[in-house]
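Okay, so here's the structure we're looking at.
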Amino acid sequence: MNIDGKLIAKELREKLTVEVAELKAKHGVQPLLTVIIVGDDPASHIYVKNKVKQTQEVGMISNEILLPANTTEQYLLQQLEQLNNDTSVHGILVQLPLPKHLNESAVISAINPDKDVDGFHAVNSGRLFNGESNALVPCTPQGCVLLAKHHIGEDLTGLHAVIIGRSNIVGKPVAMLFLQENCTITIAHSKTKNLDEVCKQADILVAAVGIAQFVKADWVKKGATVIDVGINRIITEDGKTRLVGDVDYDNVVTKCGAITPVPGGVGPMTIACLLKNTLVATKRYLT
Ligand code: NDP
């Protein structure tokens, strides 16, 4: 069966809409998310447009700062400093990837960790690693756990979660989150031996690899919950472009217990969790 990310994200946004209205009524404060986008990458612009739309739909204020591709690092850092000091701004997000001449790590480090709604700042990674409750947790990993829980139930204790991928934005944080849920975790990567055997042990299998239809049906334990993070474009036999995940969906769906489809699985949860982080950052600012 499918885990319907679109529906679950909609439910989360509805919950957030109520909480935002309550916050406004009680404190007179409306969460404000500022997104900085540098350059003309069309995919980034579409993604940011979606973020802006959904931010406004839940009753938050969205502020977009569009900067030209030749923006200097110094200018971008100055902008971030201003936003860090602006008490009306609760969440700051710099859309990645940045143009090549800008150092992503330096830019992310310049965001106030308490406004870092992407959760990529090293301080937030450290808080997550230490199991501290004040971490702003990266959005896609949060979405993965919520989707797994939607199918399995709140208690994931003792389940074996195998994560393929060890990136700082998906693989590592998702592993930390499943560890917090008392799962036994295995992080696999390109140097992992006998990957199929490792995957076969998973009660929860997360694929965050970036290779189209990489995970095969015979790697999946019967009844496992499969979370497919991958977003890959392939050309079909009739020459059309199709979006697929990192899992060979057509063959895995009949074997696993549940799977997130691509599109319509993890993707929609990412923006919903970004809004959730913005609300968390706003509430923390008020306390
Ligand atoms: P990265 O390229 O940063 O990381 C990919 C990981 O996969 C690496 O750890 C790499 O291992 C591992 N890997 C690569 N090849 C193999 C292999 N043959 N066997 C086992 N492991 C392998 O990607 P991201 O983590 O940024 O993203 C992963 C996927 O998720 C992409 O498809 C991306 O588009 C998608 N994505 C989707 C999001 C969403 O909202 N749905 C958000 C973010 C990403 P090693 O470290 O050894 O190189």
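Is it fair to say PHE129 is within 16 Å of the ligand (Cβ to nearest atom), open to solvent by 30 Å² or more (accessible area, probe 1.4 Å) and under 17 Å from VAL174 (Cα atoms)?
Considered against the rule, which asks whether it is within 16 Å of the ligand (Cβ to nearest atom), open to solvent by 30 Å² or more (accessible area, probe 1.4 Å) and under 17 Å from VAL174 (Cα atoms), PHE129 comes out as no.
Looking only at residues in the range 151-171 that are open to solvent by 10 Å² or more (accessible area, probe 1.4 Å) and in contact with a Leu (Cβ under 9 Å, 6 or more places away or on another chain), which one is farthest from ILE211 (Cα to Cα)?
Out of the qualifying residues, it is ILE152.
Only residues in the range 139-168 that are touching a residue at least 12 places away in the same chain (Cβ under 8 Å) and not assigned by TED's automatic domain parsing to the domain that holds GLY223 count as the first member; pair them with residues that are away from the ligand (no atom under 16 Å from the Cβ) and aliphatic (A, V, I, L, M), Cβ under 8 angstrom, at least 6 apart or cross-chain, and list the lot.
Listed by first residue and then by second, the contacts come to nothing, as the list is empty.
Which residues, taken from the range 205-231, are small (Gly, Ala, Ser) and either part of a loop (DSSP other than H, G, I, E, B) or in contact with a Lys or Arg (Cβ under 8 Å, 6 or more places away or on another chain) (or both)?
Once the filter is applied, which keeps residues that are small (Gly, Ala, Ser) and either part of a loop (DSSP other than H, G, I, E, B) or in contact with a Lys or Arg (Cβ under 8 Å, 6 or more places away or on another chain) (or both), the range 205-231 yields ALA208, GLY210, ALA212, ALA217, GLY223, ALA224, GLY230.
Here is a list of conditions, (1) away from the ligand (no atom under 16 Å from the Cβ); (2) over 26 Å from LEU16 (Cβ atoms); (3) buried (at least 16 other Cβ atoms within 10 Å of the Cβ), and ALA281 meets all of them except one; can you say which number that is?
So ALA281 meets the others, but not (2).
Among the residues of the range 20-55, how many are more than 19 Å from the chain's Cα centre (by Cα) and not hydrophobic (A, V, I, L, M, F, W, C)?
11
Name the residue, out of GLY223, GLY239, GLY265, GLY245, that is free of Cβ contacts under 8 Å to residues at least 40 places away in the same chain, crowded, with 23+ Cβ neighbours inside 10 Å and of a type in the set (Gly, Ala, Ser).
That would be GLY245, the only listed residue that is free of Cβ contacts under 8 Å to residues at least 40 places away in the same chain, crowded, with 23+ Cβ neighbours inside 10 Å and of a type in the set (Gly, Ala, Ser).
Evaluate the following for GLU73: is it charged (D, E, K, R), within 30 Å of HIS101 (Cα to Cα), modelled with pLDDT of 95 or more and open to solvent by less than 70 Å² (accessible area, probe 1.4 Å)?
Criteria met by GLU73.
With respect to LYS149, is the statement that it is touching a helix residue (DSSP H, G or I) at 6+ places or on another chain (Cβ under 8 Å) and either at pLDDT below 95 or more than 11 Å from the ligand (Cβ to nearest atom) (or both) true?
no
What is the one condition in (1) surrounded by 12 or more Cβ atoms within 10 Å (Cβ to Cβ); (2) more than 30 Å from VAL252 (Cβ to Cβ) that ASP40 does not satisfy?
(1)
Please state which one of GLN54, GLN30 is assigned to a helix (DSSP H, G or I) and either touching a residue at least 40 places away in the same chain (Cβ under 8 Å) or open to solvent by 20 Å² or more (accessible area, probe 1.4 Å) (or both).
Result of the check over GLN54, GLN30: GLN54.
Does the range 23-35 contain any residue that is at pLDDT below 95 and hydrophobic (A, V, I, L, M, F, W, C)?
Within the range 23-35, none of the residues are at pLDDT below 95 and hydrophobic (A, V, I, L, M, F, W, C).
Yes or no: ASP238 away from the ligand (no atom under 14 Å from the Cβ) and assigned to a helix (DSSP H, G or I)?
Criteria not met by ASP238.
In the range 211-235, what count of residues is obtained for those that are more than 16 Å from the ligand (Cβ to nearest atom) and either out of contact with any Cys (no Cβ under 9 Å at 6 or more places or on another chain) or not charged (D, E, K, R) (or both)?
5
Step by step: first the residues of the range 188-203, then only those that are over 22 Å from the mean Cα position of the chain (by Cα), away from the ligand (no atom under 11 Å from the Cβ) and surrounded by 13 or more Cβ atoms within 10 Å (Cβ to Cβ), then the one that is nearest to PHE214 (Cα to Cα). Which residue is that?
That would be LYS200.
The values are calculated or read from the model by the stated rules, or taken from the named source; none is laboratory data. Note that this is a predicted model, so its numbers are computed, not measured. Cβ sites come from the backbone with ideal geometry, for glycine too, and all protein chains shown count toward neighbours. The area values use the complete protein model at the heavy-atom level, side chains included, leaving out ligands, DNA and RNA. Shrake-Rupley method; radii C 1.70, N 1.55, O 1.52, S 1.80 Å.
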